[in-house]
């Protein structure tokens, strides 16, 4: 019986995990991994500030899937095969211990993504997986019951099974080489748009406070029900932080439609509403009438932000609470709980860009992730229309889908 030839296209987390799992499950197969760039696992290398946010300590799969703006229903049964607990066990059984941080993100105890990269490369070497870098794919065609892969260097490779794990592309045209994805794009592709990005607010008077963070704020997109609560960071160009990134993920398509020109409202005090703020402010005013408004931060807000909002409300630096006009107090309350900022553009969050869109999940068989129309063609990772919020969820999608394909690609 001829040796089964498996080619994995894409040297990222999903590609490596699919190749390793396939090699362990089908030890007689010949497995080759192709990577277009000069180095493999680039996104693993830069993720989490170079520490690699491997997964998230959400070990209840019903809760875990709630962190995927696209792909919740699709991932739910797949996690029964390989979930966050499986990820921790897999790496620890290979000598890589993980730790959990306060927000649930999990990193190697070494705080270095090179630990994860070394582990994956060692497993690939042990299993004799052939890795070829600077080897992009131009076309894939079917001939004589085999796949024929033409590379960008005009080399032709043959494969019985193919795993496409190339991640997300920013432009729809970039998917055209994948069998079944026609150009111009048709129903076989969900048009890609960015996810996980920060908001540019060039007219924002708070830009001089770059680096100031509020641990518990509510940010919403005006005119919609889209809102998130959590840390917000003021940057040189606008707003970032976990709440902003989550909001960008859940509203990715809505924001693309308006070309990232929209309005956001921020309650810098999180759970407190206007009436609660007014009551607490009045109580403080009665107890400390002689204190200056702008220099005495309330509600645990960073002093620089409090002072800036007081100035924006028209309160002078020396104005005391006893002399504060009602109109100025109302303006301050509004700025604290419902301030409006005009967004005109977005910025990539570090190197951790994510694509919303790709191969539709209903185009693959849910048990194996094999194409419904192209026998022997499998998909894993972000190339599918699955994306998570920041916090290790996108890597978990890569490990899970890579594992499922690896277990089934040789059958």
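Odds and ends about this structure:
- Any hit, the range 273-290, residues being more than 25 Å from residue 219 (Cα to Cα), assigned by TED's automatic domain parsing to the domain that holds residue 207 and either in contact with a strand residue (DSSP E or B) (Cβ under 6 Å, 6 or more places away or on another chain) or touching a residue at least 60 places away in the same chain (Cβ under 8 Å) (or both): yes
- Which listed residue is exposed (fewer than 15 other Cβ atoms within 10 Å of the Cβ) and either free of Cβ contacts under 8 Å to residues at least 24 places away in the same chain or farther than 30 Å from residue 100 by Cβ (or both), from 155, 150: 155
- Condition broken by residue 331, with the remaining ones in (1) surrounded by 19 or more Cβ atoms within 10 Å (Cβ to Cβ); (2) farther than 14 Å from residue 217 by Cα satisfied: (1)
- Criterion applied to 3, 21 was being surrounded by fewer than 23 Cβ atoms within 10 Å (Cβ to Cβ) and under 27 Å from residue 411 (Cα atoms), and the one residue passing it is 3.
- Flag for residue 134 being over 27 Å from residue 176 (Cβ atoms), surrounded by 13 or more Cβ atoms within 10 Å (Cβ to Cβ) and in the same structural domain as residue 396 (by TED's automatic domain parsing): no
- Just one of (1) assigned by TED's automatic domain parsing to the domain that holds residue 253; (2) assigned to a strand (DSSP E or B); (3) loosely packed, with under 13 Cβ neighbours inside 10 Å fails for residue 202. It is (2).
- For the range 39-98, the tally of residues that are surrounded by 16 or more Cβ atoms within 10 Å (Cβ to Cβ), in a loop (DSSP other than H, G, I, E, B) and touching a residue at least 24 places away in the same chain (Cβ under 8 Å) stands at 14.
- Residues within the range 222-245 that are more than 20 Å from residue 306 (Cα to Cα) and either surrounded by fewer than 22 Cβ atoms within 10 Å (Cβ to Cβ) or in contact with a helix residue (DSSP H, G or I) (Cβ under 7 Å, 6 or more places away or on another chain) (or both), tallied: 8
The values are calculated or read from the model by the stated rules, or taken from the named source; none is laboratory data. Worth saying up front: this structure is predicted, and the values here are computed from it rather than measured. When we count neighbours, we look across all protein chains shown, and the Cβ atoms used for this are built from the backbone with ideal geometry, even at glycine.
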